[in-house]
Amino acid sequence: MAEPTPAARTAGRYNETAVAGIFHGITALAAVLGIVLQIMATSESPAQAAAPAHAWANFFGSAGLQLNALVFVMALSLLMEPARSGGPAWRALRVITLAGSLLLLLLQFTPFRGIPDFAALTSTAVFADRLLHYAVPILVITSWLLFGPRPRITPLRVLWSLVYPAAWLLGSLVRGAATGWYPYPLLDVGLAGIGPVLVNCLLVLLLWLGTAFVFLALDLVMGREPDGYLPATGTSWASQGPVR
């Protein structure tokens, strides 16, 4: 597709990168606010008072908390540069935040959702839960659909994104063997047995891989964002070279 003419660049256009930056800033703020509120809720939890070390280890081992921390880092980087090209590690992290956010959101509508036992059902905990498990994932996915940046995802980056869920699953199993606590029943070796748990872990990785490839396909067909120029200045992002 040909680059828009100078007249088309400014006619009826808003500064897309500025709006994208605001959106990424809101995402970063929601993520860090949710984490802070969850820390407050954990401090107030009876489980934390009864067994502080165990409860805090549960807290930091939560996939939802870890994903929101990664979202905060990613959103902050995009706030500073909405059209960031990024290196291999940054792009793999982008896939992790996208696939993880979608799966985390979908998990809330399954029987496996539950409420972490380290979070008391206080108003603080409920608000943190809504931010971390609903608002932030929706913001992450919406911001990518609207503002990208695209294209940034490759098959290799999708494969590298598997490092996170594989490491989380391994860490959860090791910790569960040491303490007897598992984040989800599907990972509970004592309840289901090692064989079914390993099958469940493989299914989780395949589900992650499938979700990440959905974003890869969308990344290829949805077109470039930002779309090649800054209306306020006429500066072309294309002049900075290819993004792949």
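Going through L33, L37, L29 one at a time, which residue ends up being touching a Leu at 6+ places or on another chain (Cβ under 8 Å), at pLDDT 90 or above and open to solvent by 40 Å² or more (accessible area, probe 1.4 Å)?
Working: L37 fails: open to solvent by 40 Å² or more (accessible area, probe 1.4 Å); L29 fails: touching a Leu at 6+ places or on another chain (Cβ under 8 Å).
Answer to the check: L33.
What number goes with the only condition from (1) at negative phi; (2) out of contact with any Ser or Thr (no Cβ under 8 Å at 6 or more places or on another chain) that L102 does not pass?
Answer for L102: the failing condition is (2).
Can you tell me which residues in segment 159-188 are closer than 20 Å to M74 by Cα and either buried (at least 21 other Cβ atoms within 10 Å of the Cβ) or among the aromatic types (F, W, Y) (or both)?
Passing the criteria: W160, S161, Y164, P165, W168.
Looking at (1) at pLDDT 90 or above; (2) open to solvent by 10 Å² or more (accessible area, probe 1.4 Å); (3) in contact with a Lys or Arg (Cβ under 9 Å, 6 or more places away or on another chain), which is the one condition that is false for S85?
Failing condition for S85: (1).
Hey, could you check segment 65-98 for residues that are touching a Phe, Trp or Tyr at 6+ places or on another chain (Cβ under 6 Å) and in a helix (DSSP H, G or I) and say which is farthest from I39 (Cα to Cα)? Before the answer, list the steps.
Taking segment 65-98 as the starting set, the residues that turn out to be touching a Phe, Trp or Tyr at 6+ places or on another chain (Cβ under 6 Å) are 83, 92, 96, 98.
Now narrow it down to the ones that are in a helix (DSSP H, G or I): 92, 96, 98.
On the way: A92: 27, I96: 23, L98: 24 Å.
Among them, the one singled out is A92.
Just one of the numbered conditions (1) in a loop (DSSP other than H, G, I, E, B); (2) at pLDDT 80 or above is not true of Y14; which one?
Every condition holds for Y14 apart from (2).
The values are calculated or read from the model by the stated rules, or taken from the named source; none is laboratory data. Note that this is a predicted model, so its numbers are computed, not measured. Cβ atoms come from the backbone with ideal geometry, glycine included; neighbour counts cover every protein chain shown. Only protein heavy atoms, including side chains, enter the accessible area calculation; ligands, DNA and RNA are left aside. Shrake-Rupley method; radii C 1.70, N 1.55, O 1.52, S 1.80 Å.
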